[in-house]
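Reading through the C-alpha cells given below for one structure.
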Amino acid sequence: MVVILEAVSGPVLGRRIEVRGGSIVRIGRTGKSDYPIIEDGYLSGLHFAVECDGTQCRVRDLGSSNGTFVNGSRVTEQVVQDGDSVVAGGSTFVIHVDLLPSITGVGTLRSVTAPTPLAVATKVMPEPAPQTGGYSPAETALLTALYGPGEEVFAVVDAARDSRIPAFLDAAGELYTPLQSPEDSSKSAAFVVALPADSRLVHVLIKDGWGRGWGFYGTSRAGLEIVRAHFTSFVSLQTLSGAAMTFRFWDPRVLRAILPAMPAGEADAFFGPCERIVVEAEKPAMALEFSRSPGRPRQQTIVLA
C-alpha cells in the first residue's frame, strides 16, 4: 500500500508526500526530519510522523509546539483513514490510501507470482589510490565505484532534502535541468545534473549529501537530456482510483525497496538509457549498485569503509 499526504492549503499547496508500507516518514521544518518543509514557519523542526505498516496508517505528534490535528482534534497518536485531514503548522493535508501502483503508472496491480531471485553479491573495491582533494578512503572507494570507463555519471538530487542544493547547482557550473517541465516544477524539487569526475559539485555531493538521502547516482552512455527525458516519464503516476500522484523514486529509500522487486521487463523499462544505478544503503558505510542483467537487475553491495 501507499499513503499520500496531499497539501490542500498552506505554503506547499499541491505537494504530495508519499509513505510506503513498512516505513516511517517524519515531517517538520528542518533537515532533522525525513521530509523537511522549510516554507512553513509554523512547523516545529520535527513536527509529526506518518507510520505505515502495510495495513494501516498512523499519525503521531513528535512533541510539536503548535500541535498536530486530525479531523479538527488535537492528537498525540491517531490511526487515519482515506479522506481524513491532518493539520500541522500552517499546512493542511488530506490522506489518500491506495495500493502501490505499477512503476509504469498504468494503475494496475503488481503481479503476485513468485519473483525471479535477485542476483546479489558483494563488490570488493580495489585498494584505493592515495587520497586527493580531501577525500577519505571511504569516499575514494565510492568515487572509484561511480566512475567506470566509457560511462558518464549523473545524479538526481532532491532540493527538498536540503535548501542549499539549488545554490550548489548554480555555483558548480555543471549542466543540470529540472526533472519536470517548468509548468510542473511545483510538484517536485528534483534535478538531474551531469557530474564530470573533476567537478566541484562531486565534492559537495559526496561530502555533504552521502547518507542524507539527497538522491541517487547513475551512469549512462547517453547525454543528460536523454536521461532527463527518460526519468521524467516516471514522475507522475496514476493510482488505482485514477488520481495523479508524484512518484518520488529518487529517494534512496524508495529505490532500495522497488529495484529488487521489479520484474524483468519493468526493470529494463526503468533503467532506460542507464547502465548502473548507485544509491546509499541504510548504513552510509555501504552503497548498493544495481546494474542491467538478463532478467532482473543485478545487485551488489559495495563496502566503503
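What the table below lists for this structure:
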{"quantity": "Subset of the range 5-43 (residues that are surrounded by fewer than 21 Cβ atoms within 10 Å (Cβ to Cβ) and aliphatic (A, V, I, L, M))", "calculated": "Ala7, Val8, Val12, Leu13, Ile17, Ile24, Val25, Ile38"}
{"quantity": "Test: residue in the range 268-278 that is at pLDDT below 90 and touching a strand residue (DSSP E or B) at 6+ places or on another chain (Cβ under 7 Å)", "calculated": "no"}
{"quantity": "Residue in the range 72-79 that is of a type in the set (D, E, K, R), at pLDDT 85 or above, in a strand (DSSP E or B) and over 24 Å from Glu282 (Cβ atoms) present", "calculated": "yes"}
{"quantity": "Odd one out for Gly63 among (1) under 24 Å from the mean Cα position of the chain (by Cα); (2) more than 17 Å from Arg253 (Cβ to Cβ); (3) of a type in the set (Gly, Ala, Ser)", "calculated": "(1)"}
{"quantity": "Residue check, Val227 of a type in the set (A, V, I, L, M), farther than 21 Å from Glu18 by Cα, at pLDDT 85 or above and in contact with a helix residue (DSSP H, G or I) (Cβ under 8 Å, 6 or more places away or on another chain)", "calculated": "no"}
{"quantity": "Conditions (1) under 19 Å from the mean Cα position of the chain (by Cα); (2) modelled with pLDDT under 85: number failed by Arg296", "calculated": "(1)"}
{"quantity": "Condition check for Val193: aliphatic (A, V, I, L, M), in a strand (DSSP E or B), over 15 Å from the mean Cα position of the chain (by Cα) and modelled with pLDDT of 90 or more", "calculated": "yes"}
{"quantity": "Single match in Ala244, Ala269, Ala261 (criterion: more than 22 Å from Ala145 (Cβ to Cβ), assigned by TED's automatic domain parsing to the domain that holds Thr177 and free of Cβ contacts under 8 Å to residues at least 24 places away in the same chain)", "calculated": "Ala244"}
{"quantity": "Among residues of the range 141-164, those that are modelled with pLDDT under 90 and in contact with a helix residue (DSSP H, G or I) (Cβ under 7 Å, 6 or more places away or on another chain), counted", "calculated": "1"}
{"quantity": "Unmet requirement for Met245, which otherwise passes all of (1) assigned to a strand (DSSP E or B); (2) of a type outside the set (Gly, Ala, Ser); (3) modelled with pLDDT of 90 or more", "calculated": "(3)"}
{"quantity": "Count - residues of the range 275-303 that are acidic (Asp, Glu) and part of a loop (DSSP other than H, G, I, E, B)", "calculated": "1"}
{"quantity": "Subset of the range 210-227 (residues that are part of a helix (DSSP H, G or I) and surrounded by fewer than 20 Cβ atoms within 10 Å (Cβ to Cβ))", "calculated": "Leu224, Glu225, Ile226"}
{"quantity": "One residue from Ser33, Ser44, Ser64 being in a loop (DSSP other than H, G, I, E, B), touching a His at 6+ places or on another chain (Cβ under 7 Å) and within 28 Å of Ser163 (Cα to Cα)", "calculated": "Ser64"}
{"quantity": "Residue tally, condition over 21 Å from Asp34 (Cβ atoms), buried (at least 20 other Cβ atoms within 10 Å of the Cβ) and among the small types (Gly, Ala, Ser), over the range 246-305", "calculated": "1"}
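The values are calculated or read from the model by the stated rules, or taken from the named source; none is laboratory data. Computed from a prediction, not measured in an experiment: that's the story for all the values here. Every residue, glycine among them, receives a Cβ derived from its backbone with ideal geometry; neighbour counts consider all protein chains shown.
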